[in-house]
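K.L.:
First the structure, then my questions, so here it is.
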Amino acid sequence: MKIILLGAPGCGKGTQAVKIQNKFGIKHVSSGDLFRAAISSGTPIGNLAKEYMNKGQLVPDNVTIELVKNTLQAKIEDGSLENGFMLDGFPRTLDQAKELQKFMDIDLVLYFEISNDKVLERIAKRKFCSKCKENYVAGDDFTTCTKCGGKIVRRDDDDPEVAKKRLEVYEKQTFPLIEYYKELGILKTINADQPQEKVEQDINVLLGEV
Ligand code: ADP
Ligand code: ZN
């Protein structure tokens with residue numbers, strides 16, 4: 001199954017994606033993770049992406065589309081997407097969505113609907129393990145990961161000012177995708193204001209229907 005996860009930064013789609021991946025073997029492909037990996041390895045794409053990400057802006061479409069397309073193609077060829085995939089963070093603009101549509105048919109778009117207040121509150125609190133990506137919240141008393149011993153960090157772009165900017169960008173550039181996918185008849189909405197377990201249940205029900 002080919003799935004797109006759509007929703008504001010901090011809506012919880014990354015967390016749910018990991019759960020779905022573990023349960024159904026549908027692979028989580030996050031454009032943000034691809035960029036962060038490129039930044040860590042110091043590639044030209046990483047260096048370019050960093051400038052935009054640190055300001056809360058989108059990386060230009062041509063660079064993003066190229067990176068995601070190449071990644072998907074390589075993973076399809078090596079067989080690692082045989083149970084399908086979930087795209088997280090891509091597409092984020094109408095042009096990206098149209099390019100993707102030319103490239104492959106998507107079965108389902110899960111739209112995580114959430115209020116702005118909730119999103120900013122969650123982003124302000126979130127931290128994660130730099131090694132295994134396990135999530136933590138600011139109140140937790142850990143400095144190292146209880147699972148792997150990795151260092152617990154916050155994302156640079158989770159700074160409150162940058163987070164606000166990311167939300168503005170989302171409303172302007174990504175919001176139109178909801179209408180786009182509604183018209184294609186593949187959009188399903190999830191109430192992402194609910195506790196994590198409830199969101200997970202709702203997703204399971206929706207996936208069972210497809
Ligand atoms: P979040 O959803 O919490 O904003 P992501 O990890 O998806 O986090 O994205 C982090 C940043 O990476 C974005 O703010 C943007 O700069 C860049 N980015 C990720 N995906 C895309 C995309 N599809 N198009 C353009 N920029 C992107
Ligand atoms: Zn860890």
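The values are calculated or read from the model by the stated rules, or taken from the named source; none is laboratory data. Fair warning: this is a prediction, and the values are worked out from it, not measured in the lab. No Cβ is skipped: glycine too gets one built from the backbone with ideal geometry, and neighbour counts run over all protein chains shown. Surface areas here come from the heavy atoms of the whole protein model, side chains and all, with no ligands, DNA or RNA. Shrake-Rupley method; radii C 1.70, N 1.55, O 1.52, S 1.80 Å.
K.L.:
I need the full set of residues from the range 157-181 which are in contact (Cβ under 8 Å) with a residue 40 or more places away in the chain and hydrophobic (A, V, I, L, M, F, W, C), in order please.
P.N.:
Answer for the range 157-181, where residues must be in contact (Cβ under 8 Å) with a residue 40 or more places away in the chain and hydrophobic (A, V, I, L, M, F, W, C): 162, 163, 167, 169, 177, 178.
Yes/no matrix, rows are residues, columns are (1) farther than 30 Å from residue 141 by Cα; (2) open to solvent by 70 Å² or more (accessible area, probe 1.4 Å); (3) outside any loop (DSSP other than H, G, I, E, B):
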{"site": "73", "(1), (2), (3)": "yes, yes, yes"}
{"site": "76", "(1), (2), (3)": "yes, yes, yes"}
{"site": "82", "(1), (2), (3)": "yes, yes, no"}
{"site": "92", "(1), (2), (3)": "yes, yes, no"}
{"site": "96", "(1), (2), (3)": "yes, no, yes"}
{"site": "100", "(1), (2), (3)": "yes, no, yes"}
{"site": "106", "(1), (2), (3)": "yes, no, no"}
{"site": "111", "(1), (2), (3)": "yes, no, yes"}
{"site": "120", "(1), (2), (3)": "no, no, yes"}
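K.L.:
Out of the residues in the range 135-152 that are open to solvent by 60 Å² or more (accessible area, probe 1.4 Å) and within 21 Å of residue 40 (Cβ to Cβ), state the one that is nearest to ligand 1 (Cβ to nearest atom). Lay out the reasoning, then the answer.
P.N.:
Applying the first criterion (open to solvent by 60 Å² or more (accessible area, probe 1.4 Å)) to the range 135-152 yields 135, 137, 139, 141-144, 146-147, 151.
Of the ones still in play, those that are also within 21 Å of residue 40 (Cβ to Cβ) are 135, 143-144, 147, 151.
Values: 135: 12, 143: 23, 144: 23, 147: 21, 151: 19 Å.
The qualifying residue nearest to ligand 1 (Cβ to nearest atom) is 135.
K.L.:
Could I ask something else about it? If a residue must be touching a strand residue (DSSP E or B) at 6+ places or on another chain (Cβ under 8 Å), open to solvent by less than 30 Å² (accessible area, probe 1.4 Å) and closer than 14 Å to residue 123 by Cβ, how many such residues does the range 153-190 contain?
P.N.:
So the answer is 1.
K.L.:
Which residue out of 122, 126, 92 is within 16 Å of ligand 2 (Cβ to nearest atom) and either in contact (Cβ under 8 Å) with a residue 40 or more places away in the chain or touching a Ser or Thr at 6+ places or on another chain (Cβ under 9 Å) (or both)?
P.N.:
Testing whether each residue is within 16 Å of ligand 2 (Cβ to nearest atom) and either in contact (Cβ under 8 Å) with a residue 40 or more places away in the chain or touching a Ser or Thr at 6+ places or on another chain (Cβ under 9 Å) (or both) leaves just 126.
K.L.:
Does the range 62-71 contain any residue that is open to solvent by 70 Å² or more (accessible area, probe 1.4 Å) and closer than 17 Å to residue 14 by Cβ?
P.N.:
Within the range 62-71 (the criterion being open to solvent by 70 Å² or more (accessible area, probe 1.4 Å) and closer than 17 Å to residue 14 by Cβ), the answer is no, since none of the residues qualifies.
K.L.:
Quick check on the range 29-38. Is at least one of its residues under 12 Å from the mean Cα position of the chain (by Cα), crowded, with 20+ Cβ neighbours inside 10 Å and of a type in the set (Val, Ile, Thr)?
P.N.:
Yes, the range 29-38 has at least one match.
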